[in-house]
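So the structure is just underneath, and the comments pick up after that.
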């Protein structure tokens, strides 16, 4: 490595963020641009490990020590070429990936890990700024035509890889813009949509065709799909939200998180919408669910001017450091304090939602909760089961509740049923682990639609692997 003792000399540092009172005035990204000195120091912290566990921690297998070394030496084009050899969209992963690579960093055994995600983001942004990140237009075309249904990270990765093989690729998207959850689920303060639009222009220059506002199975028939394409890839995502089956779930003011986030993203991008407007200005908001989607609801609610925001977790508060239930190099399930939490939110731990309370008009006015105790396996340190504590019920006032409990599976009605695709017991599309093929001869599946709700890096990995299998099939 460029600096063998860098991990001893430099502490982990990330770029400064705008002050809370400034950043919640808009939906723009709020991390400041790091200096060259900061990037040099942070890349110098990468150790000359005997085994770079960071690479195995990354589902894409990013060659992390090598691009860190190139960054330290300010060989930016080399760093870029190393990075894109495994990762199609580092501008996405560098912003919204939870960085399992950092959880596996050897330095993390007794220190804070290398800022791999931040370095990754700056490699691609500097590549764009300096002009050596350029579209690659295939020299030869095979004449084969492929339909990719869905334009989330899995669909985009599949399309990119197959286009580079020389095939003609058309990406179908039922929404107005491409990106899937990147576009309509992730708020702009985490991923500004100009980043996605820049990538779309790039991919169009390379020869990929996008058909938006086209719901395959309705606007474009299955018969046309089978007739016009030599292979079909289903990258539909996992979009059916998990239910919260408690009394009052149909009350006015109770929404799924993604309905709120999707509409907010449309507002920010000036995209018209026909559904009921969800506006939390001056409201008491409760977010049910402790994941990233719940955190995004908090950040969005703060920017819309919510009066009070509470977040409900059914599990106990997590430890701040690794314990025996999460040994290195597994991903540490420690307490996460996101930028949205910093902006204002009351977090309630180890409570179960029991009932939505309404007034005589069916309008939400409160949420009944009950405290729970968890049993813990003494050997592994993992929580195993819980019971509700007697006489511990209480009610918190709220005008609006967002259910952010994740997703069950891909949408079955419509295209999946029309194509007669087999499903696994969880409701995901069955795609052979090695071939990514469904029960239909030329139909493949990848991403969350196949493996269930997961991370953006897994989606890109799935898209890349699926593309290889489609290419073999066409060959």
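Laid out as a table, the results:
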{"item": "Candidates 233, 222 - the one that is crowded, with 19+ Cβ neighbours inside 10 Å and either outside the structural domain of residue 172 (by TED's automatic domain parsing) or touching a helix residue (DSSP H, G or I) at 6+ places or on another chain (Cβ under 8 Å) (or both)", "result": "233"}
{"item": "Qualifying residue in the stretch 285-296 (condition: out of contact with any helix residue (DSSP H, G or I) (no Cβ under 8 Å at 6 or more places or on another chain) and farther than 20 Å from residue 449 by Cα)", "result": "yes"}
{"item": "Residues of the stretch 385-411 that turn out to be free of Cβ contacts under 8 Å to residues at least 40 places away in the same chain and either surrounded by 16 or more Cβ atoms within 10 Å (Cβ to Cβ) or not in a strand (DSSP E or B) (or both), as a count", "result": "0"}
{"item": "Which numbered condition residue 129 fails, given (1) closer than 30 Å to residue 25 by Cβ; (2) touching a residue at least 12 places away in the same chain (Cβ under 8 Å)", "result": "(2)"}
{"item": "Matching residues in the stretch 62-88 - criterion: being touching a helix residue (DSSP H, G or I) at 6+ places or on another chain (Cβ under 7 Å) and touching a residue at least 60 places away in the same chain (Cβ under 8 Å)", "result": "68, 72, 87, 88"}
{"item": "Criterion (under 15 Å from residue 39 (Cβ atoms), buried (at least 23 other Cβ atoms within 10 Å of the Cβ), more than 25 Å from the chain's Cα centre (by Cα) and outside the structural domain of residue 320 (by TED's automatic domain parsing)) met by exactly one of 114, 71", "result": "71"}
{"item": "Residues (at pLDDT 95 or above, closer than 19 Å to residue 463 by Cα and part of a loop (DSSP other than H, G, I, E, B)) located in the stretch 412-438", "result": "421, 428, 436, 438"}
{"item": "Subset of the stretch 412-423 (residues that are out of contact with any helix residue (DSSP H, G or I) (no Cβ under 9 Å at 6 or more places or on another chain) and under 23 Å from residue 465 (Cβ atoms))", "result": "422"}
{"item": "Any helices (runs of 4 or more DSSP H) falling wholly within the stretch 1-117 and containing at least 3 residues that are closer than 27 Å to residue 189 by Cα", "result": "20-23, 36-44, 64-72, 76-84, 90-96, 100-103"}
{"item": "Index of the failed condition, residue 381 passing every other in (1) out of contact with any helix residue (DSSP H, G or I) (no Cβ under 6 Å at 6 or more places or on another chain); (2) in contact (Cβ under 8 Å) with a residue 40 or more places away in the chain; (3) assigned by TED's automatic domain parsing to the domain that holds residue 234; (4) surrounded by fewer than 16 Cβ atoms within 10 Å (Cβ to Cβ)", "result": "(3)"}
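Residue-by-condition table, conditions (1) in contact (Cβ under 8 Å) with a residue 24 or more places away in the chain; (2) part of a loop (DSSP other than H, G, I, E, B):
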| residue | (1), (2) |
| --- | --- |
| 244 | yes, yes |
| 249 | yes, yes |
| 255 | yes, no |
| 263 | no, no |
| 267 | no, no |
| 272 | no, yes |
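The values are calculated or read from the model by the stated rules, or taken from the named source; none is laboratory data. If you're wondering where the values come from, they're calculated on a predicted model, not measured in any experiment. We place every Cβ from the backbone using ideal geometry, glycine too, and count neighbours over all the protein chains shown.
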